[in-house]
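Sending over a structure as structure tokens; questions will come in a sec.
Any read-out appearing in this document is the output of simple, stated calculations on the displayed coordinates, not a laboratory observation. Quick caveat, the model's predicted, so the values are computed rather than measured. With ideal geometry, Cβ positions are generated from the backbone for all residues, glycine too; neighbour counts draw on all protein chains shown.
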Amino acid sequence: MIKITLPDGSIKEIEKSSTPLDVAKSISEGFARNVISAKFNDKTIETLTPLLENGSLILYTFNDTEGKKAFWHSSAHLLAQAIKFFYPKVKLTIGPAIENGFYYDVDLGEDVISEKDFPAIEQKMIEFARGKYDFKLREVFKKEALDYYSKENNEYKVELIENLDDGTITFCDHADFTDLCRGGHIPNTGIIKAVKITSTAGAYWRGNEKNNQLTRIYGISFPKQKMLTEYLELLEEAKKRDHRKLGKELELFTFSAKVGQGLPLWLPKGAALRERLENFLKKAQKKAGYEMVITPHIGQKELYVTSGHYAKYGKDSFQPIHTPKEGEEFLLKPMNCPHHCEIYNAKPYSYKDLPKRFAEFGTVYRYEQSGELHGLTRVRGFTQDDAHIFCTPDQLDKEFKDVIDLVLYVFKSLSFENFTVQVSLRDPNNKEKYIGSDENWEKAETAIINATKEKGLDYVIEYGEAAFYGPKLDFMVKDALGRNWQLGTIQVDYNLPERFKLSYKGADNKLHRPVMIHRAPFGSMERFIALLLEHTAGKLPLWLIPEQAIILPISEKYQKYAEKVLHLLENDEIRALIDTRNEKTGRKIRDAELNKIPYMVIVGEKEEENETISIRKQGEGDLGTFSIKEFVSKVNKEINSTLEQF
Ligand SMILES: [Zn+2]
Ligand SMILES: [Zn+2]
């Protein structure tokens with residue numbers, strides 16, 4: 001007999017060589033039917049692997065991330081089997097589970113797979129699944145594995161196997177299909193009930209563009225048909241909320257192949273929206289004691305050698321720009337911090353002068369592979385709402401908490417209620433990845449955790465997610481597809497002050513190092529606006545939306561009066577326009593509804609006579625007759641209810 005410890009601490013005594021599935025059955029038959037993967041002593045194993053020693057066992061169902069991983073990993077085998085059925089000469093390479101589903105990279109030779117082939121592949125996968133074949137893992141000798149794939153002429157698998165040690169190689173069999181695999185499967189194919197091939201894309205072998213281009217086939221699968229239906233509905237909804245689509249409809253931004261990939265161009269309405277956001281933050285920052293600074297878009301390479309960015313990211317960044325005569329080297333600014341350190345160094349400070357808070361809407365440039373670029377969320381040039389606070393170690397706690405208040409104010413004003421807070425710490429097993437002393441890291445990590453607790457924030461700790469120079473507090477928001485993005489961030493840094501030899505004169509008349517806080521409540525203007533669009537499906541808060549009202553004259557006769565109303569509204573800083581088209585009022589209302597303009601201002605004979613306006617609210621209908629003054633005060637009241645003063 002062996003002793004198996006379960007996650008709740010309970011211990012099961014079972015016969016040696018029992019499987020995780022046996023353990024599940026001893027808990028309940030119903031539970032066992034849902035168990036699809038297992039971890040034993042922290043190692044992923046098969047549900048049918050015999051347990052030979054005492055240890056701790058975790059059993060997973062599809063509801064667990066680990067369970068989904070096994071499910072989708074196993075589905076990738078099924079996909080490979082179906083591809084092989086239709087394209088017998090295909091060379092299979094790798095096929096992992098991903099966040100939503102799985103893919104398989106295949107070399108199809110002369111063949112091409114397109115969308116019209118998807119249904120047949122899906123059907124074949126389901127047909128194979130219904131065979132209820134067990135996934136069976138078996139160990140093979142390296143030579144045997146190499147022979148197998150040499151015979152298949154599959155140079156990709158041969159390359160993979162050559163990099164493995166003999167004695168660690170396993171194959172997975174199901175039905176008459178075999179694949180090189182490390183393991184982590186569901187018990188059998190029969191559990192896979194619904195399959196969707198979602199797309200194909202080009203992918204280079206091992207991500208290297210010098211290698212062969214393969215076809216990446218993406219899919220997703222579920223244990224119930226209903227779950228697939230729900231997932232596809234979610235995708236549809238997400239498409240409607242996609243910021244790339246909304247950005248185009250609302251005329252906010254565009255991209256141009258001529259200008260370059262990943263470099264957003266802000267259209268007039270988008271630029272105006274960005275300016276409103278910037279002014280909103282500038283106003284709050286001014287109250288919080290920040291001073292604006294401005295720095296150039298490039299800096300000498302030496303600057304980033306000093307900061308440590310060059311050693312860390314130099315190779316993977318845009319490469320240096322050389323001057324034609326002097327042989328100087330400049331880098332596109334990847335971060336504003338080194339520039340701000342030199343602003344601090346421009347004059348001496350005493351402890352009485354601190355904290356100094358330098359803020360800048362600073363545009364930075366980071367190289368991202370073209371395949372990674374995505375709308376405004378992943379770009380190559382973006383503007384951070386950046387600031388750096390230089391303070392004494394004693395001031396750190398208060399400064400950090402004040403920044404949390406500012407971030408929370410920003411999120412509240414924009415109705416981001418569903419954010420999560422993540423404390424990103426160093427990976428304790430991989431300390432050499434980070435720069436700075438252990439002592440300073442510990443001080444900074446404690447400061448962040450204390451401030452977060454004191455502010456009553458619900459947080460999770462993620463080890464290994466810190467910046468290379470210091471730990472941070474990240475505010476994460478989900479996009480329309482449920483993917484997590486980092487928006488606001490606050491980071492403590494003892495390291496750059498050291499590297500830039502920053503100092504202040506203390507009460508003891510000696511020189512001391514200040515502590516630095518990096519912070520950006522929006523994160524980047526681009527990503528923030530993208531998430532805001534997806535969050536609100538384009539129905540932006542009234543204070544931010546490009547057009548707050550549209551004036552609809554019921555016929556040409558009232559054009560003059562409409563212009564007068566527009567003028568009066570603009571005088572009171574209401575953003576409005578006139579629908580001058582020669583259309584029926586009903587049509588104009590419908591279009592305004594579709595364009596999500598919050599207020600429709602209808603003017604006709606009665607209104608002109610009484611110097612009034614009739615108001616409709618988008619999505620709500622008729623609100624009745626108002627004087628212009630009343631309407632302005634109504635709009636302002638609504639704005640003030642979401643946008644409090646900092
Ligand atoms: Zn596998
Ligand atoms: Zn910084």
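Using only Cα positions of region 205-331, each an equal point scatterer, no hydration layer, compute I(q)/I(0) via Debye at q = 0.12, 0.18, 0.20 Å⁻¹ and quote the log10 values to two decimals.
Cα-only, vacuum Debye calculation for region 205-331: -1.00, -1.17, -1.17.
Another question about this same structure. How many lysine pairs in region 70-142, separated by 8 or more positions in sequence or lying on different chains, have Cα atoms less than 22 Å apart?
Qualifying lysine pairs in region 70-142: 13.
From the square roots a ≥ b ≥ c of the eigenvalues of the alpha-carbon gyration tensor of region 325-415, which class results: rounded (a/c under 1.5), prolate (a/b over b/c), or oblate?
The shape class here is oblate.
Can you pull out the GluC sites (Glu not before Pro) in region 270-345 that DSSP calls coil and that have at most 16 other Cβ atoms within 10 Å?
Counting only loop positions with at most 16 other Cβ atoms within 10 Å, the GluC sites (Glu not before Pro) in region 270-345 are E326, E328.
In whole Hz and in residue order, list the ³J(HN,Hα) couplings for region 443-460 that follow from phi through the Karplus curve 6.51 cos²θ - 1.76 cosθ + 1.60, θ = phi - 60°; x for Gly and Pro.
Once rounded to whole Hz, the list reads 4, 5, 5, 5, 4, 5, 5, 4, 5, 5, 5, 4, 7, x, 7, 7, 10, 10.
Could you give the dipole magnitude of region 400-454 about its Cα centre, charging the beta-carbon of Lys and Arg +1 and that of Asp and Glu -1, in debye to the nearest 20?
It works out to roughly 120 debye.
Treat each spin label as a single point 7 Å out from the Cα along the C-beta direction, and report the K193 to D165 distance in nm.
4.3
How large is the helix-only mean residue ellipticity at 222 nm for the chain, computed as the sum of -39500 (n - 2.57) over DSSP H runs with n ≥ 4, divided by its residue count, in deg cm²/dmol to the nearest 500?
On the way: 20 runs with 227 residues, N = 646.
So the calculated ellipticity at 222 nm is -10500 deg cm²/dmol.
Along the charge dipole of the chain, Cβ charges K/R +1 and D/E -1, which of L396, A203, F135 sits furthest on the positive end?
It is L396.
Report, by chain and number, residues whose modeled amide H sits under 5 Å from the one on S18, excluding near sequence neighbours (fewer than 5 apart, same chain).
L51
Mind listing P(r) for the chain? All alpha-carbon pairs, 20 Å bins, whole percents.
Reading the bins upward from 0: 15, 38, 35, 12, 1.
To the nearest 0.05, how large is the calculated FRET efficiency for D147 and N34 if R₀ is 51 Å and r is the Cβ-Cβ distance?
That pair, D147 with N34, gives E of 0.85.
Another question about this same structure. How do E368, E122 line up, fewest other C-beta atoms within 10 Å first?
E368, E122
Kirkwood hydrodynamic radius (Cα pairs, Å) of region 292-350?
Final number for the Kirkwood radius of region 292-350 is 12.4 Å.
Mind listing the long-range amide H neighbours of L487? Cut-off is under 5 Å, sequence gap 5 or more, other chains count too, H placed in the peptide plane at 1.01 Å from N.
Residues meeting the amide H criterion: F475, M476, V477.
Now a separate question. Compute, for region 21-84, the length of the dipole vector about the Cα centre, with Cβ point charges of +1 (Lys, Arg) and -1 (Asp, Glu) only. Units Debye, rounded to 20.
For this selection, approximately 260 debye.
For region 308-316, just list the computed ³J(HN,Hα) in residue order, Karplus coefficients 6.51, -1.76 and 1.60, θ = phi - 60°, integers in Hz, with x standing in for Gly and Pro.
x, 5, 5, 4, 7, 10, x, 5, 9
Let me ask something else about it. Report, for the chain, the % of DSSP beta bridges that are antiparallel, rounded to 5.
85
Could you go through region 349-355 in sequence order and give the Karplus-derived ³J(HN,Hα) for each residue, using 6.51 cos²θ - 1.76 cosθ + 1.60 with θ = phi - 60°, rounded to whole Hz, and x for Gly and Pro?
10, 9, 4, 6, 7, 8, x
Determine the dipole magnitude for region 7-123: charges of +1 sit on the beta-carbon of Lys and Arg, -1 on that of Asp and Glu, nothing else is charged, the reference point is the Cα centre, and the result goes in debye to the nearest 20.
Once rounded to the nearest 20, the dipole reads 160 debye.
May I pose another question? Answer with one residue from G482, G270, T377: the one whose Cα lies farthest towards the positive end of the charge dipole of the chain, charges on Cβ with Lys, Arg +1 and Asp, Glu -1.
It is G270, whose Cα lies furthest towards the positive end.
Any idea what diffusion coefficient region 1-138 gets from Stokes-Einstein, in µm²/s, Kirkwood Rh on alpha carbon pairs, 20 °C, 1.002 mPa s?
In µm²/s, the coefficient rounds to 128.
Taking R0 as 30 Å, what FRET efficiency do you get between I11 and N63 from their Cβ-Cβ distance, rounded to the nearest 0.05?
0.80
Count the DSSP beta bridges whose two residues both fall in region 159-237, then state the antiparallel fraction as a percent rounded to the nearest 5. Intermediate values should be presented prior to the final figure.
Values: 14 of 14 bridges.
Of those bridges, close to 100 percent are antiparallel.
Continuing with the same structure: Per 0.36 nm of contour for each residue apart, how much would the distance between K25 and K637 grow if the chain were fully extended, relative to their Cα-Cα spacing? Don't skip to the answer; put the middle values down first.
Values: separation 612, 0.36 × 612 = 220.32 nm, distance 6.19 nm.
Difference between extended and current length: 214.1 nm.
Can you give the FRET efficiency to the nearest 0.05 for E605 and F318, using r as the Cβ-Cβ distance and R₀ = 51 Å?
On the way: r = 62 Å, r/R0 = 1.22.
That pair, E605 with F318, gives E of 0.25.
Here is a further query. For region 1-54, what class follows from the C-alpha gyration tensor (a ≥ b ≥ c being the square roots of its eigenvalues): rounded when a/c is under 1.5, otherwise prolate if a/b is larger than b/c, else oblate?
In terms of gyration-tensor shape, rounded.
Mind listing the lone cysteines of the chain, meaning no other Cys beta-carbon sits under 4.7 Å from theirs?
When partners are defined as cysteine Cβ atoms under 4.7 Å apart, the chain leaves C337, C341, C391 without one.
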